[in-house]
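Asker: This is the structure, below, for whatever I ask next.
The values are calculated or read from the model by the stated rules, or taken from the named source; none is laboratory data. Please read these numbers as outputs of a predicted model, since none were measured by experiment. Note that each Cβ is placed from the backbone with ideal geometry, even for glycine, and that neighbours are counted across all protein chains shown.
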Amino acid sequence: EAGVTQFPSHSVIEKGQTVTLRCDPISGHDNLYWYRRVMGKEIKFLLHFVKESKQDESGMPNNRFLAERTGGTYSTLKVQPAELEDSGVYFCASSQDLLSHTQYFGPGTRLTVL
Amino acid sequence: AQRVTQPEKLLSVFKGAPVELKCNYSYSGSPELFWYVQYSRQRLQLLLRHISRESIKGFTADLNKGETSFHLKKPFAQEEDSAMYYCALRTTTSGTYKYIFGTGTRLKVLA
């Protein structure tokens, strides 16, 4: 079984540019989460999809971040325009259902904003 | 406030020595706690959860509600235990779940 995949693995962009991160969850997993780890800080929750619906987006930093999950399959996280403080590692995780305690994490996308 | 605190950024122990990775939480509801581990060049993965009361790879963790702690312990550390360890709290609000992670502790087991 393929695990959670994320693309790209690394992205280096300049301040003001746009970047789109993609996450493909494990097939059949309705729940999809985005997290971010800024250097030296905790892994911070960004948002949670159940199928194509945003269940909780309370962790999104501001309106420069837009997440979508059209069709309830893969998800994208767009940052527009990117700022220096957006640099970090963005993780995606999926789980089969809400009762499942096991989240399966992707390898992360390392975003560097110069 | 909902918070997970891991006070140690780095913990170095010798092989065969006991290890304890500290985790404290702050949450007014009924907590669900987890330990996640990230080995070098691997992805973050679940190590254990308090509801299972299991021992995985020799690690155990007991939820202490009085001290609001969920420390991870292993009596004899092995070199392959070297990794980054994250404590996580799952909270429930209006039927939705959210995971709150600590800042992580890097464990180095020295030969």
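Asker: Within segment A:81-91, which residues are closer than 11 Å to A:V19 by Cβ, outside any loop (DSSP other than H, G, I, E, B) and not charged (D, E, K, R)?
Answerer: Across segment A:81-91, the qualifying residue is only A:Y90.
Asker: Restricting to segment A:1-51, give me the number of residues that are charged (D, E, K, R), within 13 Å of chain B (Cβ to nearest Cβ) and surrounded by 14 or more Cβ atoms within 10 Å (Cβ to Cβ).
Answerer: 5
Asker: Inspect all residues belonging to segment B:8-26 and state whether any of them is without any contact (Cβ under 8 Å) to a residue 60 or more places away in the chain, under 28 Å from A:A2 (Cβ atoms) and of a type in the set (D, E, K, R).
Answerer: No, because not a single residue in segment B:8-26 is without any contact (Cβ under 8 Å) to a residue 60 or more places away in the chain, under 28 Å from A:A2 (Cβ atoms) and of a type in the set (D, E, K, R).
Asker: Go through (1) out of contact with any strand residue (DSSP E or B) (no Cβ under 7 Å at 6 or more places or on another chain); (2) among the aliphatic types (A, V, I, L, M); (3) closer than 13 Å to B:R106 by Cα one by one and return the number of the condition B:A17 breaks.
Answerer: With (1) out of contact with any strand residue (DSSP E or B) (no Cβ under 7 Å at 6 or more places or on another chain); (2) among the aliphatic types (A, V, I, L, M); (3) closer than 13 Å to B:R106 by Cα applied to B:A17, the lone miss is (3).
Asker: Restricting attention to segment B:1-10, and to residues there that are assigned to a strand (DSSP E or B) and surrounded by fewer than 18 Cβ atoms within 10 Å (Cβ to Cβ), which single residue is modelled with the lowest pLDDT?
Answerer: Residue satisfying both the conditions and the ranking: B:R3.
Asker: Give me the residue from segment A:72-96 that is of a type in the set (D, E) and in contact with a strand residue (DSSP E or B) (Cβ under 7 Å, 6 or more places away or on another chain) and, out of that set, farthest from A:E57 (Cα to Cα).
Answerer: A:E83
Asker: Just checking, how many residues over segment A:46-97 are more than 13 Å from A:L111 (Cα to Cα) and among the aliphatic types (A, V, I, L, M)?
Answerer: 7
Yes/no per residue for (1) at pLDDT below 90; (2) in a strand (DSSP E or B):
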residue	(1), (2)
B:A17	no, no
B:Y25	no, yes
B:S30	yes, no
B:V37	no, yes
B:L46	no, yes
B:E67	no, no
B:K73	no, yes
B:Y99	yes, yes
B:T103	no, no
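Asker: From the set of residues in segment A:60-80 that are crowded, with 18+ Cβ neighbours inside 10 Å and in a loop (DSSP other than H, G, I, E, B), which is nearest to the other protein chains (Cβ to nearest Cβ)?
Answerer: So, considering only residues that are crowded, with 18+ Cβ neighbours inside 10 Å and in a loop (DSSP other than H, G, I, E, B), the one nearest to the other protein chains (Cβ to nearest Cβ) is A:M60.
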